[in-house]
Amino acid sequence: MQTVWLTGAEWLAVLRIGLGLWWLESWRHKDRKGWFERGTGIAWAADVAAKHRWEPVRSGFDTVVAPRPKVVAYVVVYAELALGLGLITGFLTPIALVGGLLLNLLYLVLMIHDWAEQGQNAMMALISLVALFAMSWQTWSLDSAIGLF
């Protein structure tokens, strides 16, 4: 493959690192005090889920998230941090890519009515797929340096 400036594998690493920076920014701009102490993030998601047109989303939220809002708040917030750091450093990259893809798909389904969010989640999911199937951890990654995957 011919490219300008970098090799194809290096461009894939740039894509992976950029996705990691996107996840890190998602974590950075969250009001963690609001999420953890006041429950604002889960309360917002509960409101969205309650109005959702799909019954499985409403019942799934009531079954999985509603009984344990504080735990889910920590999982969501720190999953975004872990995804960002994993993708930037290239550590456990395939796991981070699959985890990010699943989280983006969850956000995509929950926010089915919000087209602004849909664009971001769709792009992040697409980048995850490309980075996963093109094995973007082969260059500029801890995975490559220590011989993982």
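Taking first residues from the range 39-55 that are in contact (Cβ under 8 Å) with a residue 60 or more places away in the chain and partners that are open to solvent by 60 Å² or more (accessible area, probe 1.4 Å), the Cβ contacts under 7 Å between residues at least 6 apart in sequence or on separate chains come to Ala49/Arg58; His52/Arg58.
Being in contact (Cβ under 8 Å) with a residue 60 or more places away in the chain and farther than 26 Å from Gly8 by Cβ narrows it down to one residue among Leu110, Leu85; which is it? Of Leu110, Leu85, the one residue that is in contact (Cβ under 8 Å) with a residue 60 or more places away in the chain and farther than 26 Å from Gly8 by Cβ is Leu110.
Within the span defined as the range 117-140, one or more residues are under 22 Å from Trp35 (Cβ atoms) and either buried (at least 19 other Cβ atoms within 10 Å of the Cβ) or in contact with a strand residue (DSSP E or B) (Cβ under 6 Å, 6 or more places away or on another chain) (or both). If the condition is being more than 15 Å from Leu103 (Cα to Cα) and open to solvent by 80 Å² or more (accessible area, probe 1.4 Å), then the range 65-76 contributes Pro67, Arg68, Lys70, Val71. Within the range 22-38, restricting attention to residues that are touching a residue at least 40 places away in the same chain (Cβ under 8 Å) and farther than 22 Å from Ile88 by Cα, the residue that is surrounded by the fewest Cβ atoms within 10 Å (Cβ to Cβ) is Phe36.
Here is a list of conditions, (1) without any contact (Cβ under 8 Å) to a residue 24 or more places away in the chain; (2) under 30 Å from Trp140 (Cα atoms); (3) open to solvent by 50 Å² or more (accessible area, probe 1.4 Å); (4) in a helix (DSSP H, G or I), and Trp5 meets all of them except one; can you say which number that is? Here Trp5 clears every test but (4).
Here the condition is being under 25 Å from Asp143 (Cβ atoms), part of a helix (DSSP H, G or I) and open to solvent by 20 Å² or more (accessible area, probe 1.4 Å); of Ala43, Ala79, it holds for Ala79 alone. Cβ-Cβ contacts under 6 Å between residues 6 or more apart (or on different chains), taken from a first residue in the range 118-145 that is without any contact (Cβ under 8 Å) to a residue 40 or more places away in the chain to a second residue that is in a helix (DSSP H, G or I), are listed as Asn121/Asn104; Asn121/Tyr107; Asn121/Leu108; Ala125/Leu101; Ala125/Asn104; Leu132/Leu97.
Condition first: under 22 Å from Trp44 (Cα atoms) and at pLDDT 95 or above. Can you find one or more residues in the range 128-146 that meet it? No, because not a single residue in the range 128-146 is under 22 Å from Trp44 (Cα atoms) and at pLDDT 95 or above. Only residues that are open to solvent by 30 Å² or more (accessible area, probe 1.4 Å) and either of a type in the set (Gly, Ala, Ser) or in contact with a strand residue (DSSP E or B) (Cβ under 9 Å, 6 or more places away or on another chain) (or both): list them for the range 100-116, please. Listed by number, the list holds a single entry, Ala116. There is no residue in the range 82-90 that is touching a Phe, Trp or Tyr at 6+ places or on another chain (Cβ under 9 Å), surrounded by 14 or more Cβ atoms within 10 Å (Cβ to Cβ) and among the hydroxyl-bearing types (Ser, Thr, Tyr).
The values are calculated or read from the model by the stated rules, or taken from the named source; none is laboratory data. Model, not experiment: these values are computed from the prediction. Reconstructed Cβ throughout: ideal geometry from the backbone, glycine too, with neighbour counts over all protein chains shown. We work out accessible area using only protein heavy atoms, side chains counted, and drop any ligands, DNA or RNA first. Shrake-Rupley method; radii C 1.70, N 1.55, O 1.52, S 1.80 Å.
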